[in-house]
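I am attaching a structure below and will ask some questions about it afterwards.
The values are calculated or read from the model by the stated rules, or taken from the named source; none is laboratory data. Computed from a predicted model, the values in this text were never measured in an experiment. Don't worry about glycine lacking a Cβ; one is built from the backbone with ideal geometry, like all the others, and counts go over all protein chains shown. Side chains are part of the model used for accessible areas, which takes the heavy atoms of the whole protein and leaves out ligands, DNA and RNA. Shrake-Rupley method; radii C 1.70, N 1.55, O 1.52, S 1.80 Å.
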Amino acid sequence: MRIRGINYDTGFLSGDTTTREPFDPRIVQREMQVIRRDLHCNGVRIAGGDADRLELAATCAAEVGLEVWFCPFTHSLTSDEVLALLADCAERAERLRRAGARILFLTGSELSIVTTGFLPGNTLPERMAVLTDPVRVRQVIPEMRVRMKELLGKAVELVRARFGGKISYASLPFEGVDWSLFDIIATDAGYRTAAMADRFRDQMRVFVDQGRALGKPVAITEFGCATHRGASNLADREENIIEWGEGARPVRLKGEFTRNEEEQARYIGELLGVFETEGVDAAFVYTFARYDFRGEFDLVSKGIVKVLESGYGQRYPDMPWEPKAAFDALGERYRIYSGKL
């Protein structure tokens with residue numbers, strides 16, 4: 001694989017709160033150093049809904065030599081608001097590119113479910129619920145795809161007018177993206193669940209073949225699992241076992257769960273093996289840290305570090321987290337990959 005990457009959350013906006021509090025520039029700068037030097041990543045997908053935070057994190061990443069995948073990840077905005085944010089972020093990314101950063105721009109992520117007006121429902125949970133109803137999904141998909149084509153067409157036009165580098169979009173399979181508009185084919189659907197484990201490799205192969213047919217590389221912009229026993233069977237559905245409160249804050253877990261860091265590490269390694277052998281160009285583990293999942297909620301965090309409720313870690317005494325088993329396993333695997341480059 002060309003890009004050995006990881007996701008980095010700068011704050012998914014929900015009302016007056018974000019998933020990354022506090023957002024300390026000193027911590028961000030240090031974490032980028034850890035990602036580059038200790039995890040041996042050569043790329044980072046920087047996501048979030050605040051343009052200033054995205055730019056700051058991207059700057060820190062570029063300074064340590066990481067390839068930056070600049071990704072505005074919005075929540076419950078209108079199409080016009082999404083386009084305005086993309087235009088602003090594209091200009092910021094272009095300034096970094098002209099200053100020498102290796103940078104790619106993602107024109108959003110999972111826009112069909114996080115943007116208002118594409119699926120029925122006023123809130124993200126309401127829109128997500130539509131996807132679990134086979135009858136409703138069949139009814140709404142055709143119109144959703146028409147609206148997605150219009151939005152992404154406008155997004156590509158305004159981004160290319162402001163940004164001179166390569167562009168992509170972090171997609172979901174049912175969105176029906178027209179990949180002729182983009183330089184790289186990318187998906188957030190890099191998760192293997194128990195229900196489709198026997199088909200997972202074939203699905204990845206089909207996805208890569210789609211890129212080859214278009215003469216374009218393929219990226220897996222998200223994959224990973226949480227830190228409890230059985231998490232690898234759920235993969236991208238762990239957050240369904242959380243009861244949510246106001247401001248998208250976790251209130252309690254729906255049941256009792258046993259910590260299993262080794263399962264998370266093993267799962268990430270297995271999927272990296274699939275991506276490498278099937279010809280994926282770039283892969284980004286989800287995620288470095290979930291600052292909104294502390295204490296008992298770390299069990300459902302896909303972060304490869306455990307964010308502490310207070311204080312600092314032992315291995316990194318200047319950081320408010322402690323590495324998990326997946327941190328070390330990923331760092332060793334990426335170290336080996338880097339030796340091949």
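D209 to T17: extension gain in nm, 0.36 nm per residue of separation minus the Cα-Cα distance?
Gain in length upon complete extension: 65.1 nm.
In addition: Rank-order 148-157, 109-118 by packing density, defined as the average count of other C-beta atoms within 10 Å over each peptide's residues, highest first.
109-118, 148-157
Let me ask another. Within 14 Å, Cβ to Cβ, of V208, how many net charges do the neighbouring residues add up to if Lys/Arg are +1 and Asp/Glu are -1?
Once positives and negatives cancel, what remains is 0.
Under a 1.4 Å probe, what is the accessible area of segment 201-341 per residue, stated in Å²?
45
First select every other residue whose beta carbon is under 15 angstrom from the beta carbon of D16; then total the charges, Lys and Arg +1, Asp and Glu -1.
Here the charged neighbours net out to -2.
What order, most packed first, do the peptides 179-187, 194-202 have when packing is the mean number of other Cβ atoms within 10 Å of each residue?
Final packing ranking: 179-187, 194-202.
Can you send over the carbon and sulfur percentage of the accessible area for segment 267-341, probe radius 1.4 Å, protein chains only?
Result for segment 267-341: 49 percent of the exposed heavy-atom area is carbon or sulfur.
Let me ask another. With springs only between Cα atoms under 10 Å apart, run a GNM on the chain and tell me which of T221, T123, T59 wobbles the most.
Per the Cα network of the chain with a 10 Å cutoff, T123 tops the list.
Same structure, new question: Applying a 10 Å radius around every beta-carbon, put 17-26, 285-294 in order of their mean neighbour count, most first.
285-294, 17-26
Using a 1.4 Å probe on the protein heavy atoms, what percent of the accessible area of segment 73-183 belongs to carbon and sulfur?
53
Considering the values [x] 273; [y] 196; [z] 130, which represents volume of the Cα convex hull per residue in Å³ as calculated for the structure under consideration?
Read-out from the structure maps to [z].
Taking R0 as 35 Å, what's the FRET efficiency between E91 and D202 from their Cβ-Cβ distance, rounded to 0.05?
Result of the calculation: an efficiency of 0.30.
Same structure, new question: Cut-off 10 angstrom, C-alpha nodes, Gaussian network model of the chain. Which of V140, V44, V159 fluctuates the most?
Looking only at V140, V44, V159, the largest GNM fluctuation is found for V140.
Hey, another quick one. Could you please report the charge total around G164, scoring K, R as +1 and D, E as -1 over all other residues with beta-carbon less than 10 angstrom from its beta-carbon?
Counting the neighbours of G164, the net charge comes to +4.
Contact order normalised by length for the chain, with contacts defined as Cα pairs under 8 Å and 6 or more residues apart; what percent is it?
Contact order relative to length: 18 percent.
Here is a follow-up. Could you identify which residue out of Q29, Q203, Q264 has the top mean-square fluctuation in a GNM of the chain using Cα springs shorter than 10 Å?
Q203
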